[in-house]
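Down below is the structure, laid out as structure tokens.
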Amino acid sequence: MAKSKSKAGAGKAPRKSGKGKAPTMAQQADRHRLYQLSVQMPDVEIEFFERVFKDLRGSKPKSLREDFCGTGYLSTAWVKSHRERTAVGVDIDPDPLAWGKQHNMEGLSAQARSRLTLHEADVLDGVGEPTQIACAMNFSFCVFKQREVLQRYFRTAHGKLTEDGLFILEIYGGTEAIIELEERRKCEGFTYVWEQELYNPIDHHTLCHIHFAFPDRSKLERAFTYDWRLWSIPELRELLLGAGFQSVTVYWETTDEDGEGTGEFEPTVKEENQESWLVYVVAAK
């Protein structure tokens, strides 16, 4: 997939080099830094959030809630984007939160840091102040495999929005989403590898991994692992409406005359299936 799939997962330690040998690139790698470089695009996401909120609400949003925030990379970029913006990040895993506080927040001014709060908490608990935008990016909500639990999360998200609030999800699909495969994409100084290990058509359980490969032929295997249910767009729409949202809109990536993605997402109600697609689902309170 062009983007990847949330922040959860545990890295598998790379094999040590032989006695007396210099450490490999994999042994020296920082998995959180590599994830941010290869997967996350906060500036692009913020631009999309701004455009959609302006289209639907007629104003610029000031407050953001990032569920499953991991290192808080998006939240950090949000408060940097405007001096009046505030952000709340929530993640249950202390490891990426600690990394984000050390590496992402340290570059902020004291004033900007005062507008960003990272909570080590379960997203189901609804900690933090209400915000105009809440988001669950990189398919992170797929960690919830039962309908009642996912709808409970959607109800929690609904309750933590202001009256003009929008809830933005990111989901992937297509014919290649339900097969075993491995995709490689070159990045500066390393190669990002996305592996779909299995998919069960009975319950849509999928197991995926991110690996990183390096020019010295070393590899950081299973830097992140995702044990998910791959939800469909109709299921998400039904659960969001059942959780109290007034409308649900799908934003699909437009293509150029050669059929290549433009990076721009527009609202739509009918599309042809593709080998691989990624969409934003926007629920309005």
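The values are calculated or read from the model by the stated rules, or taken from the named source; none is laboratory data. These numbers come from a predicted model, not from an experiment. Cβ placement follows ideal geometry from the backbone for every residue including glycine, while neighbour counts extend to all protein chains displayed.
Miscellaneous remarks
- Contact map, region 103-122: first residue in the same structural domain as Asp91 (by TED's automatic domain parsing), second residue crowded, with 17+ Cβ neighbours inside 10 Å and in a strand (DSSP E or B), Cβ cut-off under 6 Å, separation 6 or more or different chains; pairs are Arg115/Thr86; Leu116/Ala87; Thr117/Val88; Leu118/Gly89; His119/Val90; Ala121/Val90.
- Filter result (in contact (Cβ under 8 Å) with a residue 40 or more places away in the chain, among the charged types (D, E, K, R) and in contact with a Cys (Cβ under 9 Å, 6 or more places away or on another chain)) within region 170-222: Glu170
- In region 54-71 there is no residue matching the filter, namely being among the aromatic types (Phe, Trp, Tyr) and on the phi < 0 side of the Ramachandran plot.
- Yes/no for Leu198 being of a type outside the set (Asp, Glu) and surrounded by 14 or more Cβ atoms within 10 Å (Cβ to Cβ): no
Here is a yes/no grid of residues against (1) outside the structural domain of Arg33 (by TED's automatic domain parsing); (2) touching a strand residue (DSSP E or B) at 6+ places or on another chain (Cβ under 6 Å):
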{"site": "Arg152", "(1), (2)": "yes, no"}
{"site": "Arg155", "(1), (2)": "yes, no"}
{"site": "His158", "(1), (2)": "yes, no"}
{"site": "Thr162", "(1), (2)": "yes, yes"}
{"site": "Leu166", "(1), (2)": "yes, yes"}
{"site": "Leu169", "(1), (2)": "yes, yes"}
{"site": "Glu183", "(1), (2)": "no, yes"}
{"site": "Cys187", "(1), (2)": "no, no"}
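- Of all residues in region 137-149, at least one satisfies being closer than 21 Å to Val250 by Cα, over 18 Å from the mean Cα position of the chain (by Cα), among the charged types (D, E, K, R) and not in a loop (DSSP other than H, G, I, E, B).
- Listed by position, the helices (runs of 4 or more DSSP H) inside region 1-86 whose residues that are out of contact with any helix residue (DSSP H, G or I) (no Cβ under 9 Å at 6 or more places or on another chain) and modelled with pLDDT of 95 or more number at least 1 are 25-28, 31-38, 42-57.
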